[in-house]
1. Tally the residues that are without any contact (Cβ under 8 Å) to a residue 12 or more places away in the chain and loosely packed, with under 12 Cβ neighbours inside 10 Å, restricting the search to the stretch 26-39.
2. Does LEU135 satisfy being at pLDDT 90 or above, assigned to a helix (DSSP H, G or I) and surrounded by 10 or more Cβ atoms within 10 Å (Cβ to Cβ)?
3. Run down ASP73, ASP23 and say which single residue is surrounded by 10 or more Cβ atoms within 10 Å (Cβ to Cβ), within 30 Å of ARG13 (Cα to Cα) and at pLDDT 90 or above.
4. Just name the residue that is farthest from ALA63 (Cα to Cα) out of those in the stretch 1-50 that are hydroxyl-bearing (Ser, Thr, Tyr) and not in a helix (DSSP H, G or I).
5. For the stretch 51-70, which positions are in a helix (DSSP H, G or I), in contact with a helix residue (DSSP H, G or I) (Cβ under 9 Å, 6 or more places away or on another chain) and open to solvent by less than 100 Å² (accessible area, probe 1.4 Å)?
Amino acid sequence: MAATQPHDKYYLRSLHEDIALLDRKLAHMAKYETFATEKERESATGKLNTKRALLVRNALKLAEEGVEFKTTDLPRSLRSDTAEAAEVPADAVIETVEAAAGHPLDRPAVGAYDGSVLNFRTGMKEYMDKRRKTLASVEA
C-alpha cells in the first residue's frame, strides 16, 4: 500500500521544481534535439506538455487552497512580471543607488576579519617584520 504524500509547502516546492525541469527539457528539445520527422517532434513535445500541464494544475490547486510558497520558488514560466517588480522593497533600491553613488576608492578598505582571530594580515605583518630583522642581523 503506497502512502500518499502530504500536500504541504514542501510538496508544492517540489512541484515547482518539476515544472521548471520540464520547461528546461522542452526548451532543450526545441533547440537542440533532432527528430526523424516533425510528427515525432510533436509527439515528444506533446508528452512533455501533458506532464507539465498536470503538474501546473496541481500546483495552482494547492496555491488556491492556501498552501504557502515563496514567489522566488515559482518557475519562470509561472511568474508574472508585476509580481517580480513589486517584490523588491523600495528601501533596498534606495540603498543600492546610494552605495553605487559613492566611489569605491573614497572608502577605506576594511577586511571582514579585522580585529578578530581570523585576521591573517596581522600575523603576516609580524612574520615579515621578524623576517626582516633576522635578515638584517645576518647581513651585518
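1. 9
2. In short, no.
3. Details: ASP73 fails: at pLDDT 90 or above.
Selected residue: ASP23, the only one of ASP73, ASP23 that is surrounded by 10 or more Cβ atoms within 10 Å (Cβ to Cβ), within 30 Å of ARG13 (Cα to Cα) and at pLDDT 90 or above.
4. Checking each candidate, the answer is THR37.
5. Those that are in a helix (DSSP H, G or I), in contact with a helix residue (DSSP H, G or I) (Cβ under 9 Å, 6 or more places away or on another chain) and open to solvent by less than 100 Å² (accessible area, probe 1.4 Å): ARG52, LEU55, VAL56, ASN58, ALA59, LEU60, LEU62, ALA63.
The values are calculated or read from the model by the stated rules, or taken from the named source; none is laboratory data. Being a predicted model, the structure only gives us computed values, none of them experimental. Virtual Cβ from ideal backbone geometry, glycine too; neighbours counted across all protein chains shown. Ligands, DNA and RNA are excluded from the accessible area calculation, which covers all protein heavy atoms including side chains. Shrake-Rupley method; radii C 1.70, N 1.55, O 1.52, S 1.80 Å.
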